[in-house]
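Participant: Quick one: this structure, given as structure tokens, is what I'll be asking you about.
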Amino acid sequence: MEIIFGPVTSRRFGTSLGIDLSPTHKQCNFDCLYCELAPAATVTHQEQSPSVAQIVSALEAALAKHPHIDVITLTANGEPTLYPYLNELIDAVNTVKKRAQTLILTNSASLADKEIFQTLLKCDQVKLSLDAISPDIFQKIDRPHASIDILHIKDAVIEFSQHYQGKLFIEILFVHKLNDTPEEIALLNETLLHVNCERIDIGTIDRPPAYPVSGISYSELHAISQQFDSELPVHIASRLQAQACQSHYSTQAILNTLDKRPLTRGDIALLFDNATQQRLEALVKSKKVTEIERAGMHFFVPSENLERKRSKILTKPK
Ligand code: SF4
């Protein structure tokens with residue numbers, strides 16, 4: 001039974017040691033269409049769990065071997081918040097983690113449980129998945145346990161984001177012909193306008209899914225990113241199967257695109273042809289475009305846009 005895995009390096013979270021809170025088999029309150037694990041009946045609690053002592057001793061041994069870890073990621077073959085001793089475990093990990101931060105990856109359903117809500121407040125970083133808001137699309141994509149209601153999850157995500165002091169990330173995974181409609185994106189947008197988070201990562205299916213569904217293309221993800229309010233920190237996170245769709249943009253079109261949605265170098269390599277990339281470099285040199293850091297990632301934004309946001313903050317009514 002391997003409880004600790006890694007280290008693995010991710011662009012988004014740095015060097016991570018993973019803790020698998022369900023190392024024997026899949027135990028999850030969802031059975032998502034896109035899950036990379038095999039389909040399984042949903043459960044509301046774990047039947048088999050390693051003890052806190054077992055996990056902490058394995059973690060201490062791994063940290064002694066790999067002292068330069070950025071994050072200790074609580075995850076599972078399934079949903080980590082179903083681990084029955086989560087509160088005790090997070091307290092124990094917080095005492096042995098040294099310079100590392102704790103990160104939990106959850107499907108958000110357990111946030112509606114007040115005890116788990118309080119427990120997650122103790123993590124340094126939390127990533128919440130939120131694939132849909134409308135009950136029928138949520139049922140189709142995430143195939144939750146019968147006791148789970150998306151409207152309770154939505155309220156809990158908003159409330160959590162207002163109390164949480166650490167770094168909060170939201171992840172939305174788009175599945176072709178399910179949650180990629182303008183109506184569903186508008187509902188997600190409306191909800192996310194109430195969520196206080198560092199970044200909203202949008203992606204699609206990158207690994208073989210549990211059920212016969214397909215992902216969407218990089219250009220569709222880019223088009224979706226433009227449908228969210230430009231104030232939201234949306235970032236296209238999925239590039240594994242990204243096909244370059246390089247296009248020609250005028251200088252004004254570059255500024256308009258970056259104004260609507262800041263882009264990373266990776267996005268630019270996929271979206272802009274060579275001449276457009278040179279035009280962007282010229283804009284950076286002439287300080288019309290600035291590279292900024294947001295939640296550990298670098299984005300290009302029009303300098304005017306930064307000024308506008310700064311003056312908005314300065315003139316915000318008291
Ligand atoms: S929540 Fe995660 S582990 Fe559970 S079914 Fe969905 S993708 Fe799989």
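Coordinate-derived values only; no laboratory data. Quick caveat: nothing in here was measured; it's all calculated off a predicted structure. For neighbour counting, all protein chains shown are included, and Cβ atoms are generated from backbone atoms with ideal geometry for every residue, glycine included.
Participant: What whole number of Å gives the distance from the Cα centroid of the stretch 118-188 to the Cα centroid of the stretch 9-53?
Facilitator: Each part reduced to its Cα centre gives a spacing of 17 Å.
Participant: Looking at the chain as a GNM with Cα springs under 10 Å, which of Gly166, Gly203, Gly266 has the largest mean-square fluctuation?
Facilitator: Gly266
Participant: Still on this model: Can you compute the modelled spin-label distance between Thr251 and His298, with each label point 7 Å from Cα toward Cβ, in nm?
Facilitator: 2.4 nm
Participant: Another question, then. With each run of n ≥ 4 DSSP H residues scored as -39500 (n - 2.57), what mean residue ellipticity at 222 nm is computed for the chain after dividing by its residue count and rounding to the nearest 500 deg cm²/dmol? Please report the intermediate quantities before stating the final value.
Facilitator: Working: 11 runs with 116 residues, N = 318.
Only helices count here, giving -11000 deg cm²/dmol.
Participant: Can you list the GluC sites (Glu not before Pro) in the stretch 1-81 that are in a DSSP coil and have 15 or fewer other beta carbons within 10 angstrom?
Facilitator: Glu2, Glu36, Glu47
Participant: Restricting to the chain, compute how many DSSP beta bridges are antiparallel as a %, nearest 5.
Facilitator: Roughly 30 percent of the beta bridges in the chain run antiparallel, per DSSP.
Participant: How do the peptides 207-216, 117-126, 188-197 rank, highest first, by the average count of neighbouring beta carbon atoms within 10 Å per residue?
Facilitator: Sorting 207-216, 117-126, 188-197 by mean packing, highest first, produces 117-126, 188-197, 207-216.
Participant: Treating the angle as unsigned and between 0 and 90°, give the value, to the nearest 10°, between the Cα long axis of helix 86-96 and the longest Cα principal axis of the chain.
Facilitator: 70 degrees
Participant: Suppose the chain between Ala53 and Glu190 were pulled fully straight at 0.36 nm per residue; how much longer would it get relative to their current alpha carbon spacing?
Facilitator: Length difference between fully extended and current span is 45.0 nm.
Participant: Could you go through the stretch 186-201 in sequence order and give the Karplus-derived ³J(HN,Hα) for each residue, using 6.51 cos²θ - 1.76 cosθ + 1.60 with θ = phi - 60°, rounded to whole Hz, and x for Gly and Pro?
Facilitator: Here the 3J(HN,Hα) series is 5, 5, 4, 4, 4, 5, 5, 5, 9, 9, 9, 9, 6, 7, 10, 8 Hz.
Participant: Label points 7 Å out from Cα along the Cβ direction at Asn87 and His25: separation in nm?
Facilitator: 2.9 nm
Participant: Given 0.36 nm per residue, what is the gain on full extension from Asp206 to Ser147 after removing their alpha carbon distance, in nm?
Facilitator: Length difference between fully extended and current span is 18.3 nm.
Participant: Fully extended, how many nm does the chain gain between Asp229 and Val284 (0.36 nm per residue separation, minus their Cα-Cα distance)?
Facilitator: Taking 0.36 nm per residue and subtracting the Cα distance, the gain is 17.3 nm.
Participant: Now for a different question. Just from the alpha-carbon atoms, what are the Rg and Dmax of the chain in angstroms?
Facilitator: Reported Rg and Dmax, both Å: 20.4, 61.
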